[in-house]
Amino acid sequence: MNLNDWLGYIESIHPSSIDLTLDRIRDVIDRLDIKISAPVITVGGTNGKGSTCAILESTYKTAGYKVGCYTSPHFLAFNERIKIQGTEVSDELICEAFEKIESAREGVSLTYFEYGTLAAMIIFSEACTDIIILEVGLGGRLDAVNVFDSDCAIVTTVDLDHMDYLGHTREAIGFEKAGIYRSHKPAICGDLNPPHSLIEYCESIQAPLRLIGQHFGYEVHHDSFDFLIESSFVMNVPLPQLQGTFQLQNATSALMAIKTLDDKLPLNESAIQKGIALALLPGRFEEVQRNPSLVFDVAHNPQAALSLSHNLKAHTVLGKTVAVFSILKDKDIVGVIKALIHDIDYWCIAEIQHDRAADLGTISDAIKNSNQDSLVKSFKNIQEAYQFASKEVSSNDRIIVFGSFFTVADIMKLFPKL
């Protein structure tokens, strides 16, 4: 089978796309006998996971290490999830890994994400990478990524998202996120107000916890920042190309991880400075066009929407801001819209082509209930919404495409050279 055949097959064999348990995947790992010798950094959190992984990947790669990085979801191609040296691995490698998993699972039912996680670790093991960076898919404690022990784990932020699976409070969600920490291994938290449950979990397993603002931090200058850690620091680190002040929290959390693994994978200041300067990640306040401006942002929960609002205010345009927006029904739709309601002049909404999509009525009502005067127009699909928006703007205006990876991906398809 080719890769598309495989992806169709693995989507069909498990009754649900999300099934948070480690028992099934552990059974298959035992049969596969995957050998991991490289240090592993696991990154979880509500927001900032992808950016933190991108910064780690870029920095270690710049230093000359062979880096394996596993992230999710993807925009246009499954291969985006599994990269070595910043390059997506081939269809052939993924298919070979899927074949090994299929032979080993012996009737054990695996989810799409579990297949992908196992495939990534098979590929990284066989490629003899120097460092492996793993992004948690959902939560942490019961996420497939967590079946592999990390040498250092980062929780970037803790906020309300995926509440049907993780709980309805920050304390409950913090406990689930903290599940990626390991006994006596470095535990890093980039949230300025960490839940007590996260701190208590680290104490219970004797994981040395390092908190931003307490054990490490940063000091911003005009076009650089200093990384502060106890009595030592790295000075004049270029500001990340990734936009937003919260990216400094991600960058310093990544640097804290790098510092804790310095005995295994040492880096000099030059590699750190160059690596952070080169780090990029699609769909995070990514301006892909100017005059008029076109921005992609995958913000899909209130915390991410608030960060998007701050970025829009920090990068003003002379004209209006038009949103191309859609979101999944299991998200805090009202919270996302309220965070941005005063930043957007015109809403072009459509329904995501997915079984978890929010319907147009729900989206429209949420916008109108947040601001009765909001201008809202509905379309049959996201590309049609964008085509209308692009005719409504002039050179001084801005289009912001946001609300979900699916929303952004639908418009990314129109820009194949990006």
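The values are calculated or read from the model by the stated rules, or taken from the named source; none is laboratory data. The shown structure was predicted, so the numbers you read here are calculated from the model rather than taken from an experiment. Backbone-built Cβ (ideal geometry, glycine too); neighbour counts: all protein chains shown.
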What's the number of the condition residue 80 fails, among (1) under 21 Å from residue 181 (Cα atoms); (2) in contact with a His (Cβ under 7 Å, 6 or more places away or on another chain)?
(1)
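In this structure, is residue 41 in a helix (DSSP H, G or I), touching a helix residue (DSSP H, G or I) at 6+ places or on another chain (Cβ under 6 Å), assigned by TED's automatic domain parsing to the domain that holds residue 99 and of a type in the set (Val, Ile, Thr)?
Numbers: in a helix (DSSP H, G or I): no; touching a helix residue (DSSP H, G or I) at 6+ places or on another chain (Cβ under 6 Å): yes; assigned by TED's automatic domain parsing to the domain that holds residue 99: yes; of a type in the set (Val, Ile, Thr): yes.
Judged against the criteria, residue 41 is not a match.
Residues to consider are 339, 389, 385; find the one that is under 19 Å from residue 309 (Cα atoms), assigned to a helix (DSSP H, G or I) and assigned by TED's automatic domain parsing to the domain that holds residue 305. Break it down stepwise before answering.
Values: 389 fails: under 19 Å from residue 309 (Cα atoms); 385 fails: under 19 Å from residue 309 (Cα atoms).
Being under 19 Å from residue 309 (Cα atoms), assigned to a helix (DSSP H, G or I) and assigned by TED's automatic domain parsing to the domain that holds residue 305 holds for just one of 339, 389, 385, which is 339.
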So which residues in the range 154-171 are among the acidic types (Asp, Glu) and either crowded, with 18+ Cβ neighbours inside 10 Å or modelled with pLDDT of 90 or more (or both)?
159, 161, 171
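Please note which strands (runs of 3 or more DSSP E) are completely contained in the range 213-265 and include at least 1 residues that are touching an Asp or Glu at 6+ places or on another chain (Cβ under 7 Å), at pLDDT 80 or above and surrounded by fewer than 21 Cβ atoms within 10 Å (Cβ to Cβ).
Working: elements: 216-220, 224-229, 232-238.
Once the strands (runs of 3 or more DSSP E) in the range 213-265 are filtered for at least 1 residues that are touching an Asp or Glu at 6+ places or on another chain (Cβ under 7 Å), at pLDDT 80 or above and surrounded by fewer than 21 Cβ atoms within 10 Å (Cβ to Cβ), what remains is 216-220, 224-229.
Would you be able to say whether some residue in the range 295-312 is within 30 Å of residue 345 (Cβ to Cβ), of a type in the set (Phe, Trp, Tyr), in contact (Cβ under 8 Å) with a residue 24 or more places away in the chain and in a loop (DSSP other than H, G, I, E, B)? Spell out the reasoning first.
Let us first name the residues in the range 295-312 that are within 30 Å of residue 345 (Cβ to Cβ), namely 295-312.
Still in the list and also of a type in the set (Phe, Trp, Tyr): 296.
Imposing the further condition that a residue be in contact (Cβ under 8 Å) with a residue 24 or more places away in the chain reduces the set to 296.
Filter once more, keeping what is in a loop (DSSP other than H, G, I, E, B): none.
Scanning the range 295-312 turns up no residue that is within 30 Å of residue 345 (Cβ to Cβ), of a type in the set (Phe, Trp, Tyr), in contact (Cβ under 8 Å) with a residue 24 or more places away in the chain and in a loop (DSSP other than H, G, I, E, B).
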Go through the range 183-201 and count every residue that is of a type outside the set (Val, Ile, Thr), closer than 16 Å to residue 154 by Cβ and either surrounded by fewer than 20 Cβ atoms within 10 Å (Cβ to Cβ) or in contact with a Cys (Cβ under 7 Å, 6 or more places away or on another chain) (or both).
5
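Of everything in the range 140-153, what is small (Gly, Ala, Ser) and modelled with pLDDT of 90 or more? Give them in sequence order.
To start, the set of residues in the range 140-153 that are small (Gly, Ala, Ser) comprises 140, 144, 150, 153.
Across the range 140-153, the qualifying residues are 144, 150, 153.
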Regarding residue 322, is this residue hydrophobic (A, V, I, L, M, F, W, C) and in contact with a Cys (Cβ under 7 Å, 6 or more places away or on another chain)?
yes
Hey, residue 88 hits all of (1) over 16 Å from residue 40 (Cβ atoms); (2) in contact with a helix residue (DSSP H, G or I) (Cβ under 7 Å, 6 or more places away or on another chain); (3) buried (at least 19 other Cβ atoms within 10 Å of the Cβ) but one; which does it fall short on?
(3)
In this structure, does residue 325 turn out to be in the same structural domain as residue 152 (by TED's automatic domain parsing) and buried (at least 17 other Cβ atoms within 10 Å of the Cβ)?
no
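Could you pull out every one of the helices (runs of 4 or more DSSP H) wholly within the range 60-170 that has 2 or more residues that are of a type outside the set (A, V, I, L, M, F, W, C) and more than 19 Å from residue 19 (Cα to Cα)? Even if it seems obvious, please write down each step before you answer.
On the way: elements: 91-105, 112-127, 163-166.
Fully inside the range 60-170 and qualifying: 91-105, 112-127.
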